[in-house]
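*Asks:* Input: one structure, supplied below.
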Amino acid sequence: MEISSHQNPRIKQVVKLRRAKHRTETGRIRIDGAREILRAVRSGVVLRELYLCESLCHSDEARRLMADAGQLAEFVAEVPPAIFEKIAFGDRAEGVLAVADMPRRDIASIELSPRPLVAVVEGIEKPGNFGAILRTADAA
């Protein structure tokens, strides 16, 4: 399917997923970037929607996602660069963006090593903050 209108209801919903409140209400998240989407799929995340902008898909991972798109998501749409720019995170321009069910894990399902280092994090608003926590834990 091709979406060419900024007023498309699906595009509007993807844009709303920038807000934590909307993510919580819908139980959905945006995953921006080919590597990130492939990692999510490998870890069992269910992709509901996949948006592709062919002219921006330059990496091998992005091309692989394009080739396998119909098998990875329930809904796949091709969008022009202007719409992709509207739905993408910041200035990322890899040409692939997914909407997925928010992963739900409970504490009992986590398998820990005999001497684990654990950081409990809740309500991260910016991915960079989580990266800082991981770098600090790695240094420890």
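The values are calculated or read from the model by the stated rules, or taken from the named source; none is laboratory data. Keep in mind it's a predicted model, so treat the numbers as computed, not measured. A quick note on method: Cβ atoms are made from the backbone with ideal geometry, for glycine too, and the neighbour counts reach across all protein chains shown. Only protein heavy atoms, including side chains, enter the accessible area calculation; ligands, DNA and RNA are left aside. Shrake-Rupley method; radii C 1.70, N 1.55, O 1.52, S 1.80 Å.
*Asks:* Going by the structure shown, is Glu94 open to solvent by less than 90 Å² (accessible area, probe 1.4 Å) and of a type outside the set (Lys, Arg)?
*Replies:* yes
*Asks:* Please name all residue pairs, on different chains or six or more residues apart, with Cβ atoms under 6 Å, provided the first residue is in the stretch 6-26 and is touching a residue at least 24 places away in the same chain (Cβ under 8 Å) and the second residue is basic (Lys, Arg).
*Replies:* Pairs that qualify, where the first residue is touching a residue at least 24 places away in the same chain (Cβ under 8 Å) and the partner is basic (Lys, Arg), are Leu17/Arg23; Leu17/Arg30.
*Asks:* State whether one or more residues within the stretch 103-111 are surrounded by 10 or more Cβ atoms within 10 Å (Cβ to Cβ) and under 23 Å from Thr24 (Cα atoms).
*Replies:* yes
*Asks:* Give the number of residues within the stretch 85-140 that are touching a strand residue (DSSP E or B) at 6+ places or on another chain (Cβ under 9 Å) and in contact (Cβ under 8 Å) with a residue 40 or more places away in the chain.
*Replies:* The qualifying residues number 14.
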